[in-house]
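Have a look at the structure below before the remarks.
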Amino acid sequence: MNFSRSLALSLGEIAEPVVTRYRLALLVHHLYSTKVYQGEVLDRLELEHAGLPEFNRAIRSLETAGILKDHPNFPQRVYQLLGRKEENPEEVACSIDPFCYVSHLSAMSHHGLTQRLPSKLFLSGPDAKQWKQEAEKQMQKDLGEELDIYTSEGLPPLARINMTRIGKTEIHHFNSIHWGAYRNVRGRTVRVSTIGWTFLDMLRNPELCGGMRHVIEVFEEHASNFLPAIIGEIDQHGGPIDKVRAGYILDERLRLGDPAIEKWVAFAKRGGSRKLDPTEEYFPAWSEKWCLSLNIG
């Protein structure tokens, strides 16, 4: 079998709708290094390892054959694959960035918590420093002892690709040191924040979740169905202000009594200027128990 055919067949095994330069380079490097595809020896691969010229030549060959074409939103960085189904922005985003996940209003929609259809795709992921650290770990996992060879040959590293739009969908990317909890969606190349973390996001960034009034509506309609997950996530990862906001909504507003919620009263701070809605101005109406300005009108 020749190299071009083995590379085309390798691409056919990829589940994702798109492929990045890094993912392509891994395939090229592996085929050159092993000189075998599914037990069949590859013909005429004289070099011990692929370098950047061999990688670029492979890309041009795949493009000429119509197997690859530049993704219109990410030219020369991401490629569409021949014969794949119509692109889903969530799947494309999670294929391009291995450390991002669907969050905020988009996650609320995914979990059936809101009837609002987001006009943007909301994604979350680690900040720049942590992303780089995760990329280094991923490359070590992907390449093992071959990492130094791969790097010395000048092949593309795993690099963050700025996503502002996928097709007609605008992307809103939220980066944080609080890299949230997410799960993989079965049968799809999509990661989405867990139900507990989605409720925590609502308290921290209501402006990305339809506004605080909508957040409270969602709590009123759905919180009782997911109370253990909400309490568990806020208990473990919520800060003092998250516990106070959640405590006010769950206890004082919804009357969902629970010993864990009652413990959060210890985080209420008298004489402060804490607000229920972090995006709005302080308003002189408050919860005495939770020491919180009820600034949503």
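Each value in this text was obtained by applying a stated rule to the coordinates, not by laboratory testing. Bear in mind the structure is a predicted one, so any value in this text is a computation, not a measurement. So basically every Cβ, Gly included, is an ideal-geometry build from the backbone, and we count neighbours across all protein chains shown.
For the pair Arg270/Ala285, report the inter-label distance in nm, with labels modelled 7 Å from Cα in the Cβ direction.
Taking the two extended label points, one gets 2.4 nm.
Over the residues of the chain, compute the C-alpha Rg and express it relative to 2.2 N^0.38 Å. Numbers along the way, then the final one.
Numbers: Rg = 24.0 Å, N = 297, 2.2 N^0.38 = 19.1 Å.
Taking the Cα Rg and dividing by 2.2 N^0.38 Å, one obtains 1.25.
Put a dot 7 Å past each Cα toward the Cβ at Gln76 and Leu47; how far apart are the dots in nm?
Reported label-point gap for Leu47 and Gln76 is 1.9 nm.
Suppose only helical runs count, i.e. DSSP H with n ≥ 4. What mean residue ellipticity at 222 nm does that imply for the chain under -39500 (n - 2.57) per run, divided by all residues and rounded to the nearest 500 deg cm²/dmol? Please report the intermediate quantities before stating the final value.
Details: 12 runs with 119 residues, N = 297.
Result for the chain, helices only: -11500 deg cm²/dmol.
Output ³J(HN,Hα) for the range 184-201: one whole-Hz value per residue in order, computed from phi by the Karplus curve 6.51 cos²θ - 1.76 cosθ + 1.60 with θ = phi - 60°, and x for Gly and Pro.
For the range 184-201, the Karplus curve yields 7, 7, 4, x, 9, 8, 9, 10, 9, 4, 5, 4, x, 5, 4, 5, 5, 4 Hz.
Residues with amide H under 5 Å of Tyr182's amide H, sequence separation 5 or more or different chain, H placed in the peptide plane at 1.01 Å from N; which?
Thr194
Over the chain, with a Gaussian network built from C-alpha contacts below 10 Å, which listed residue (Val244, Val19, Val36) shows the highest mean-square fluctuation?
Looking only at Val244, Val19, Val36, the largest GNM fluctuation is found for Val36.
Restricted to Cα positions, what overall size does the range 195-293 have along the principal axes? Three whole-Å values, descending.
Extents along the principal axes, in whole Å: 32, 29, 22.
Between rounded, prolate and oblate, where does the range 122-186 land on the alpha carbon gyration tensor, with a ≥ b ≥ c its root eigenvalues, rounded for a/c under 1.5, else prolate if a/b exceeds b/c?
Details: a/c = 2.19, a/b = 1.71, b/c = 1.28.
The shape class here is prolate.
How much length, in nm to one decimal, is gained on full extension between Ala159 and Arg213, taken as 0.36 nm per residue of separation minus their Cα-Cα distance? The partial results should precede the final answer.
On the way: separation 54, 0.36 × 54 = 19.44 nm, distance 3.83 nm.
So the chain would gain 15.6 nm between Ala159 and Arg213.
GNM, the chain, Cα, under 10 Å: largest mean-square fluctuation among Ile59, Ile261, Ile14?
Its mean-square fluctuation being the largest, the pick is Ile14.
Taking neighbour counts of Cβ atoms within 10 Å as a proxy for exposure, in what order, fewest first, do Cys94, Cys291, Cys100 appear?
Details: Cys94 25, Cys291 18, Cys100 22.
Lowest count first: Cys291, Cys100, Cys94.
Whose amide H sits under 5 Å from the amide H of Phe174, counting only residues 5 or more places off or on another chain, with H placed in the peptide plane?
Those qualifying (amide H under 5 Å, at least 5 residues apart or on another chain) are Leu123, Ser124, Gly125.
Hey, got a sec? Which trypsin sites (Lys or Arg not before Pro) in the range 158-263 land in a DSSP loop and have at most 10 other Cβ atoms within 10 Å?
Values: sites: Arg160, Arg165, Lys168, Arg183, Arg186, Arg188, Arg191, Arg204, Arg213, Lys243, Arg245, Arg253, Arg255, Lys263; in loops: Arg160, Lys168, Arg186, Arg188, Arg255.
In loop regions of the range 158-263 (DSSP not H, G, I, E or B), the sparsely surrounded trypsin sites (Lys or Arg not before Pro) are Lys168, Arg186, Arg255.
Once you've got the GNM for the chain with C-alpha springs shorter than 10 Å, pick whichever of Pro259, Pro278, Pro89 has the biggest mean-square fluctuation.
So, out of Pro259, Pro278, Pro89, the one fluctuating most is Pro259.
Listing Ser176, Ser103 from the residue with the fewest other Cβ atoms within 10 Å to the one with the most, what is the order?
Ser176, Ser103
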